[in-house]
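All of the numbers you see were taken from the coordinates with simple rules; none came from a lab. Quick caveat, the model's predicted, so the values are computed rather than measured. Heads up, the Cβs are rebuilt from the backbone with ideal geometry, glycines too, and the neighbour counts pull from every protein chain shown.
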Amino acid sequence: MQITRIDHLVLTVRDVEATCAFYERALLLEPIRFEGGRRALRFGEQKINLHPAGASFQPHARYPTPGSGDLCFVTTTPLAEVQEHLEHAGVVLALGPVARTGALGPMTSVYFYDPDGNLVEVAVYDAPPA
């Protein structure tokens, strides 16, 4: 077996619409609505499904909890422009820029929290991944 990519992940959130608005404003993710009114955030070839706390769809994580996520998004946009955009969007940084190591090598990251307290990292690789 060979795993090639992540298709989607799930965040359990207190307020689905507030989460959609935040990620659309902060990271320009595309809120989508699909079967049965369910909501997700799409970017590139991936999506984040949003499950309301207390009403998660089956099957779900054993203990779905708002604010327990820790996400890292990679961008090719210069980090100074990312920081400027986040500031304009009213997002307060928790940390950064700081050096980190990603799946493909050294990168520089900034961190902030979403409305549920999930930790969100936006990173730029220091050199183009090979």
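A few points about this structure:
- DSSP-loop chymotrypsin sites (Phe, Trp or Tyr not before Pro) across the range 33-65, with at most 12 other Cβ within 10 angstrom: Phe57
- Distance between modelled label sites at Met1 and Ala55, nm, 7 Å Cα→Cβ extension: 3.3 nm
- Percent of beta bridges antiparallel (DSSP, the chain, rounded to nearest 5): 70 percent
- The slack between Asp15 and Glu30, meaning 0.36 nm per residue of separation minus the straight C-alpha distance, is 3.7 nm.
- Taking the Cα centre of the chain as reference, the dipole from Cβ charges on Lys and Arg (+1) and Asp and Glu (-1) amounts to some 420 debye.
- Candidate values [x] 1.09; [y] 1.71; [z] 1.13 were compared with Cα Rg over 2.2 N^0.38 Å computed on the shown model; the agreeing label is [x].
- Cβ-defined net charge surrounding Gly102, 14 Å radius [Lys, Arg +1; Asp, Glu -1]: -2
- The chain, helix-only ellipticity at 222 nm - DSSP H runs n ≥ 4, -39,500 (n - 2.57), divided by all residues, nearest 500: -5000 deg cm²/dmol
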